[in-house]
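One structure below.
The values are calculated or read from the model by the stated rules, or taken from the named source; none is laboratory data. No experiment lies behind these values; they were computed from the predicted model shown. Reconstructed Cβ throughout: ideal geometry from the backbone, glycine too, with neighbour counts over all protein chains shown. Only protein heavy atoms, including side chains, enter the accessible area calculation; ligands, DNA and RNA are left aside. Shrake-Rupley method; radii C 1.70, N 1.55, O 1.52, S 1.80 Å.
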Amino acid sequence: MSTAIENLVNRDYQYGFVTDVEADTLPRGLSEETVRQISAKKREPAFLLEWRLRAYRRWLTMKEPHWSNVTYPAIDYQSASYYSAPKSAKTLGSLDEVDPELLRTYERLGISLTEQKRISGVAVDAIFDSVSVGTTMKTELAKLGIIFCSFGEAVQEHPELVQKYLGSVVPYSDNFFAALNAAVFSDGSFCYVPKGVQCPMELSTYFRINSADTGQFERTLIIADEGASVSYLEGCTAPRRDTNQLHAAVVELVALDHASIKYSTVQNWYAGDSEGKGGIYNFVTKRGKAAGVRSKISWTQVETGSAITWKYPSVILQGDHSTGEFYSVAVVNNRQQADTGTKMIHMGRDTKSTIISKGISAGRGNNSYRGQVKVLRKAEGARNYTQCDSMLIGNQCGAHTFPYIEVGNNSSVVEHEASTSKIGEDQIFYCKQRGLSAEHAISLIVSGFCKEVFQNLPMEFALEAQQLLGITLEGSVG
Amino acid sequence: MLEIKDLHAAIGDREILKGISLSVATGEVHAIMGPNGSGKSTLAQVLAGHPGYEVTRGSATYDGEDLLALPPEERAQKGLFLAFQYPVEIPGVTNAYFLRAAFNEIRKSRGQDEIDPMDFRDLVEERLRLVDMDPDMLSRAVNAGFSGGEKKRNEILQMAVLGPRLAILDETDSGLDIDALRVVAHGVNSLRRPDNATIVVTHYQRLLNYIVPDQVHVLAAGRIVRSGGKDLALELEAKGYDWLVDAAPASAPAGVAGAGV
């Protein structure tokens, strides 16, 4: 595209600041001893240490996968630290005990852990580096029997639930990064919604990487018991640093009979500078099991950050008549790379899945959609609809689509639609002729393109996502 | 209001406008006619600031200001509106949203506050009545899936809402059936005021039966070869363009293409 399109200035990543707190950080390196130390620091029961060690030993036998359409220099797993916690982060009785510096950090990020969030009716669990620094609204939720706390707390308070469900959707042996996570994960969020309870508010986890040279390995486990429903949102940011940092999270969702879980992500990890220096490697395994009859799992993601995103939120449609959904917007600009998509594994009868993927590529970014729709022999009457749209901004970026479809019976219907479009100079000129700036034009065109996905985000986050998109693409077009 | 002098414009190495001079005063309607490829649409695009064209010589002032020095969005904010020959589709963005965004940008540029959605709806409904158009247009995505005729009508709707000082209609009549043509012409006529002006770019005389011009200019090979009153359009309808085009020497002196009559 013409030079006019490259003329605008990139806005700085506004979350790139570092918080100065004293941290308790394990020395760099990874060994069986590291795993034991993490487990000991967290005062974990024996079953969990055993599980971690099995994961670690398994991980040693695995190879880092390289089938995705991304390139990066080899990661030295011995050069990172696998545990970092703000020193003040002991078990907290209430939010009043949280280090004020941390509270200020979250205020700067637009996440209030104090009064404001109560008003907007969102419960927040804030994860700073490796540990949870505070969970809001706990007592209100407890009245309904809903458990919403840090993973570490769940291990102490509800070990039976953790033991029953941990690894039941993503076993430690699942893949290289899942095994690494299982071995060294330090915290994360945990949620259990009991039978028949509809969680009355949005639950939200906010992840923040602060320390340098620290990998973040959190683990989220959400269980909706029979007839329960919950809507969950995660947000993420990290300081601007010159080195790459590894983020290898695992999220497991379990929906029992007639239960539904809606999981939304607005991912805005630091993406590196315009030349691709620094940024987060976001290698994440997210999977939900629609285990029960007529259960439903819905993923919505807006991926704007990270140097590399490697992520496939998936649904195992085990229960008869269960539903899986995946709505995704993935944006790459500058040197960002994303290889993202979903897997829908149809096992039960009359299961239904929908995939709506919107990929936006700008600058020299490279965006791949990779999706698998697998219908097993017994999944009679299964249906899938996939729509996969790509938008290109400029002519140095790339968009790729890798759909894998396997259908094991002849009563199922699988549809795949794909399109690629380009934001043209004519579209921008048209908007300018109506008085809009180039940036305004782009954000308008892009949010129109992403509308079907944004509609699935909770209201206030939809606005946030839309703004984020505008910021990410600033400077990509003029 | 608009003063164009010896305007030359090119795409790459190809010169398309070869010395246009034209003067448009408030309250006037000017028609620019001419055969295909004569530079009519180029003139419209250059005035609006399309980045694909390079002005190589000449000037254009708008209310005394150097129009060509302004970026396209500022020209729009100052009241210049182009009804596109090929309106662009913006899927997923409703007309109402798009129009309010544009309307507010124009207000902001004038130091006025943004209008809230409710007040804006009242304003739009009033303008819709003025141009006799269906409110359903507002909830549809900008031009997406519109027929050719709907797109043209949508341009007039936008024009009605934004209320430009200088409107340039680029072949708004092409591809319209007679009913749509009437709606479009009715819209343009209803928006006519003593303090604004309209330039109608058209290939056919037909539209000028409904929008009566004060002056008609005939463009051929990048120059104005004849200017006259509304009767000139009728003469063209009867005799075609050839007699004028053939009469114009390949390098006519600028005096032949004088502005005004």
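Filtering region A:439-450 to residues that are at the interface with chain B (Cβ under 8 Å from one of its Cβ atoms) and under 30 Å from residue B:164 (Cα atoms) leaves A:440, A:444, A:445, A:447, A:448, A:449.
Number of residues in region A:348-377 that are crowded, with 21+ Cβ neighbours inside 10 Å and not in a strand (DSSP E or B) equals 5.
All told, residue A:120 meets the bar of being at pLDDT below 85, polar (S, T, N, Q), surrounded by fewer than 18 Cβ atoms within 10 Å (Cβ to Cβ) and touching a helix residue (DSSP H, G or I) at 6+ places or on another chain (Cβ under 8 Å). Could you please find all residues in region A:314-335 being open to solvent by 10 Å² or more (accessible area, probe 1.4 Å) and part of a loop (DSSP other than H, G, I, E, B)? Once the filter is applied, which keeps residues that are open to solvent by 10 Å² or more (accessible area, probe 1.4 Å) and part of a loop (DSSP other than H, G, I, E, B), region A:314-335 yields A:318, A:320, A:321, A:334, A:335. The residues on offer are A:397, A:388, and the sole one that is under 20 Å from the mean Cα position of the chain (by Cα) and modelled with pLDDT of 85 or more is A:388.
Within the span defined as region B:46-53, one or more residues are open to solvent by 60 Å² or more (accessible area, probe 1.4 Å) and without any contact (Cβ under 8 Å) to a residue 60 or more places away in the chain.
Inside region A:407-436, residues that are away from every other protein chain (no Cβ under 14 Å) and either of a type in the set (A, V, I, L, M) or not in a strand (DSSP E or B) (or both) make up a count of 9.
Just a yes or no: is a residue in region B:203-216 assigned to a strand (DSSP E or B) and either at pLDDT below 90 or touching a Gly at 6+ places or on another chain (Cβ under 6 Å) (or both)? The answer is yes, given that some residue of region B:203-216 is assigned to a strand (DSSP E or B) and either at pLDDT below 90 or touching a Gly at 6+ places or on another chain (Cβ under 6 Å) (or both). Restricting A:60, A:53 to residues that are farther than 30 Å from residue A:398 by Cα, open to solvent by 20 Å² or more (accessible area, probe 1.4 Å) and modelled with pLDDT of 75 or more narrows the list to A:60. Counting the residues of region B:124-142 that are more than 22 Å from residue B:79 (Cβ to Cβ) and either in contact with a Phe, Trp or Tyr (Cβ under 9 Å, 6 or more places away or on another chain) or more than 14 Å from every other protein chain (Cβ to nearest Cβ) (or both) gives 10. Can you find a residue in region B:11-31 that is open to solvent by 30 Å² or more (accessible area, probe 1.4 Å), modelled with pLDDT of 95 or more, within 27 Å of residue B:160 (Cα to Cα) and within 11 Å of another protein chain (Cβ to nearest Cβ)? No, the conditions are met nowhere in region B:11-31. Could you count how many residues in region A:291-313 are in a strand (DSSP E or B) and in contact (Cβ under 8 Å) with a residue 40 or more places away in the chain? Residues that pass the stated criteria total 9. When the residues of region B:101-123 are filtered to those that are more than 14 Å from every other protein chain (Cβ to nearest Cβ) and more than 23 Å from residue A:447 (Cα to Cα), the one that is most open to solvent (accessible area, probe 1.4 Å) is B:113. Among the residues that make up region A:64-72, is at least one of them away from chain B (no Cβ under 14 Å), outside any loop (DSSP other than H, G, I, E, B), at pLDDT below 90 and surrounded by 18 or more Cβ atoms within 10 Å (Cβ to Cβ)? No - not one qualifying residue is present in region A:64-72. Residues in region A:379-409 that are more than 14 Å from residue A:355 (Cβ to Cβ), of a type in the set (A, V, I, L, M) and touching a Ser or Thr at 6+ places or on another chain (Cβ under 8 Å): A:379, A:391, A:392, A:393, A:399. Of all residues assigned to region A:268-275, none qualifies as being aliphatic (A, V, I, L, M) and modelled with pLDDT of 80 or more.
Would you call residue A:438 open to solvent by less than 70 Å² (accessible area, probe 1.4 Å), among the small types (Gly, Ala, Ser) and under 29 Å from residue B:97 (Cβ atoms)? When the stated conditions are applied, residue A:438 passes them.
Can you find even one residue in region B:63-70 that is touching a helix residue (DSSP H, G or I) at 6+ places or on another chain (Cβ under 7 Å), within 28 Å of residue B:174 (Cα to Cα), surrounded by 22 or more Cβ atoms within 10 Å (Cβ to Cβ) and facing chain A (nearest Cβ under 8 Å)? The answer is no; no qualifying residue exists.
Pairing each residue of region A:390-418 that is aromatic (Phe, Trp, Tyr) with any residue that is part of a loop (DSSP other than H, G, I, E, B), provided the two are 6+ apart or on different chains, yields no C-beta distance under 6 Å.
The requirement of being closer than 22 Å to residue A:408 by Cα, more than 11 Å from the chain's Cα centre (by Cα) and modelled with pLDDT of 95 or more is fulfilled somewhere in region A:281-289, by at least one residue.
Hey, any hits in region B:77-99 for a residue that's touching a Leu at 6+ places or on another chain (Cβ under 6 Å), closer than 17 Å to residue B:48 by Cα, within 11 Å of another protein chain (Cβ to nearest Cβ) and open to solvent by 20 Å² or more (accessible area, probe 1.4 Å)? No. On inspection, residue B:135 qualifies as loosely packed, with under 14 Cβ neighbours inside 10 Å and in contact with a helix residue (DSSP H, G or I) (Cβ under 7 Å, 6 or more places away or on another chain). As a summary of the residue check, residue B:233 satisfies the conditions (1) touching a helix residue (DSSP H, G or I) at 6+ places or on another chain (Cβ under 7 Å); (2) at pLDDT 90 or above; (3) open to solvent by less than 30 Å² (accessible area, probe 1.4 Å); (4) not charged (D, E, K, R) except for the one numbered (2).
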